[in-house]
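Here's the structure we're looking at; comments come further down.
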Amino acid sequence: MAAPLDGLRVLEVASWLAAPSCASLMSDMGASVIKVEPPAGDAYRSLFAALMGPDFVHPTFELDNRGKRGVAVDLEDPEGTELVRELARDVDVFVTNLTRPRLQRYGLTDKDVHAVAPRSVYSVLSGFGLTGPDAERQGFDQSAFWARSGAMSLSGEARDAPSLCRGGYGDHTTALNLLAATLAALRLRDQTGESQYVEVTLQRTGLWCLAGDVTTTLFTRTQPVRHSTERPPNPVWNYYQTRDARWLLLCMPMPVAYWPRFSKLIGHPEWAEDARFTSVAGLLMNGPQVVPAIRETIATEDLADWARKLDDAGLIWAPVAEMPEVIEDPSLRENGAFSMIVHPRAGAIETISAPFNIRGADVEVRGPAPALGQHTREVFRELGLSDERLDDLVARGVLR
């Protein structure tokens, strides 16, 4: 099988999640990826080392850095930045999430990279964009993707405070956005023979994920209403608790088509003929009146009982799955959602595969994340540096 990005050379000067995650997916597709870290390590790696000890192998760092070679270079040293620019000469893609001031200080802006690699794609990730009032503002997914996109203001139960998204939720979504844009830019590069510039932000990715609410707000200029489980406009687009303290989600946005079957299942066949519920407008207006009865009925049986009944009735629903169930989900297992990394210290680690399949293509996890500076000497020898010079650079802390 052919790997889609076989022969593609990628240089990553980035930390934390979204940009490294994008580069790891390119590695899964066959690209040769070199990750540049400071001598103290990627801040994400350093966080785990501080919390768990220097020998701890964290599975999420492995997820976002698998299959790469790693070098450690001090970008505060002019020799270090010059070495990184030398590495960039032969790359097809340069991926970074450094802020504009740091890119300028290190001589790693798109103009700098394109000067040495005139056919490369320069892909930069930021919280809010490299121009505009927040160009120098740092951002994580919870601040830029979640809070500043407006998603947080719409999350959670209407009567409660807004809820935080899980760590990395926006980063991994943004990684896919960055990957798609980078691949499109590579296509343009191949068509035109010219260098390309890609810019993706956490905030705009969050905006796109929330596009339905955003476009509605562009029209109404008002804040959308948060969901209320007690008074949902559609009682079969809501979630309910079962007898065994589990939750199930009913997901039937066109309620009239399912209402007769649901009414019979829930023990209220009379609702199917009730004029209050025979139209979409009627259900939206009167549906909240029957929510207490639905809640009481669903609370009389366990999730497994309702699963069988809802399936037999042909209704659209899902269990609110808990993570130990998710990782054993037969659908995920059958469709190759998980892969194995063999780590030299931690042994076999199960991880998440790339979230897509390409029939007949070689897309797979290609090894563990590099140890800090694991390939420094190997990579710079390939660049032509002698062992004597490497020894000197390591001794002076330019390389590790």
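The values are calculated or read from the model by the stated rules, or taken from the named source; none is laboratory data. Here the structure is a predicted model, which means the values were calculated and not measured. Please note: Cβ atoms are built from the backbone with ideal geometry, for glycine as well, and neighbour counts cover all protein chains shown. For the accessible areas, the whole protein counts, side chains as well, though only heavy atoms, and no ligand, DNA or RNA atoms are used. Shrake-Rupley method; radii C 1.70, N 1.55, O 1.52, S 1.80 Å.
Results, tabulated for the structure shown:
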read-out	value
Residues that are under 18 Å from residue 22 (Cα atoms) and of a type in the set (Val, Ile, Thr), drawn from segment 123-174	124, 173, 174
Residues of segment 216-249 classified as farther than 22 Å from residue 162 by Cα, aliphatic (A, V, I, L, M) and open to solvent by less than 50 Å² (accessible area, probe 1.4 Å), total	1
Residue count, segment 96-109 (criterion: closer than 19 Å to residue 137 by Cα and either open to solvent by less than 10 Å² (accessible area, probe 1.4 Å) or touching a helix residue (DSSP H, G or I) at 6+ places or on another chain (Cβ under 8 Å) (or both))	7
Any chance residue 385 is over 24 Å from residue 61 (Cα atoms), in contact with a Leu (Cβ under 9 Å, 6 or more places away or on another chain) and either in a loop (DSSP other than H, G, I, E, B) or modelled with pLDDT under 95 (or both)	yes
Segment 9-26: number of residues that are open to solvent by 20 Å² or more (accessible area, probe 1.4 Å) and either acidic (Asp, Glu) or closer than 25 Å to residue 173 by Cβ (or both)	2
Inter-residue pairs, beta-carbon under 9 Å, first without any contact (Cβ under 8 Å) to a residue 60 or more places away in the chain and surrounded by fewer than 23 Cβ atoms within 10 Å (Cβ to Cβ) and in segment 84-95, second assigned to a helix (DSSP H, G or I) and of a type in the set (Val, Ile, Thr), 6+ apart	85/113; 85/116; 89/116
Strands (runs of 3 or more DSSP E) contained in segment 1-75 and holding at least 3 residues closer than 22 Å to residue 199 by Cβ	9-13, 32-37
Test: residue in segment 27-42 that is open to solvent by less than 40 Å² (accessible area, probe 1.4 Å) and among the basic types (Lys, Arg)	yes
Any hit, segment 174-182, residues being crowded, with 19+ Cβ neighbours inside 10 Å and in contact with a Phe, Trp or Tyr (Cβ under 7 Å, 6 or more places away or on another chain)	yes
Inter-residue pairs, beta-carbon under 6 Å, first without any contact (Cβ under 8 Å) to a residue 60 or more places away in the chain and assigned to a helix (DSSP H, G or I) and in segment 286-313, second of a type in the set (D, E, K, R) and surrounded by 12 or more Cβ atoms within 10 Å (Cβ to Cβ), 6+ apart	286/276; 288/231
Residues of segment 114-154 classified as aliphatic (A, V, I, L, M), within 23 Å of residue 227 (Cβ to Cβ) and open to solvent by 40 Å² or more (accessible area, probe 1.4 Å), total	2
Residue in segment 88-99 that is closer than 21 Å to residue 383 by Cα, in contact with a Cys (Cβ under 7 Å, 6 or more places away or on another chain) and not in a loop (DSSP other than H, G, I, E, B) present	yes
Total residues in segment 350-359, condition surrounded by fewer than 18 Cβ atoms within 10 Å (Cβ to Cβ) and either aliphatic (A, V, I, L, M) or not in a loop (DSSP other than H, G, I, E, B) (or both)	4
Residues of segment 363-374 that turn out to be out of contact with any strand residue (DSSP E or B) (no Cβ under 8 Å at 6 or more places or on another chain) and open to solvent by less than 50 Å² (accessible area, probe 1.4 Å), as a count	1
Matching residues in segment 282-316 - criterion: being more than 16 Å from residue 244 (Cβ to Cβ) and within 32 Å of the chain's Cα centre (by Cα)	311, 315, 316
Residue in segment 234-256 that is more than 22 Å from residue 155 (Cβ to Cβ) and not in a loop (DSSP other than H, G, I, E, B) present	yes
One residue from 157, 194 being charged (D, E, K, R), open to solvent by 70 Å² or more (accessible area, probe 1.4 Å) and part of a loop (DSSP other than H, G, I, E, B)	194
Residue list for segment 341-359, restricted to those being in contact (Cβ under 8 Å) with a residue 12 or more places away in the chain, under 12 Å from residue 59 (Cβ atoms) and not hydroxyl-bearing (Ser, Thr, Tyr)	341, 343, 346, 349, 350, 352
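For (1) charged (D, E, K, R); (2) open to solvent by 50 Å² or more (accessible area, probe 1.4 Å), each residue gets a yes or a no:
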residue	(1), (2)
330	no, yes
339	no, no
361	no, no
376	no, no
382	yes, yes
390	no, no
